[in-house]
Amino acid sequence: MSGLGAAASQLADHPGLRTTPHPCAGLAVAGFVGAYVLIATELVHRPAAPLGGAAAMVVIGATDAHAAFFVEDTAADWNAVFLLLGMMIIVGVLKQTGLSEYVAIWRPSGRAEVRSRSW
């Protein structure tokens, strides 16, 4: 076997791969769609909807804290989480300084505003 066939057979032999869906898969999809509907209709605050959905996933047994945070294959990518956290902190500080407004109205010296001159 070569190409896709070999990859498919290796994937099928993977010990952690489920061939049947998780019993809570339907409930998990319903919770995911429900969170999106709540966000789109703005019935609840935006952060509350995904937090409620995550709590529901733990309550129905679709995931547990260990799998969500510590298992390398399924857990949160902490590098991405801390990158986003750092970016949010930098943006929050720069917003208070007014740097974005300054950059928005700043003109490079080579592109000075052309004014009509009366010689």
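Each reported figure results from applying straightforward, stated rules to the coordinates on display, with no laboratory input. Computed from a predicted structure; not experimentally measured.
A few comments on the model shown:
- With all pairs of separate Cα atoms included, the stretch 22-75 yields a Kirkwood hydrodynamic radius of 11.7 Å.
- Estimated vicinal HN-Hα couplings, Hz - the stretch 94-100 in sequence order (Karplus 6.51, -1.76, 1.60; Gly, Pro = x): 5, 5, 5, 7, x, 4, 5
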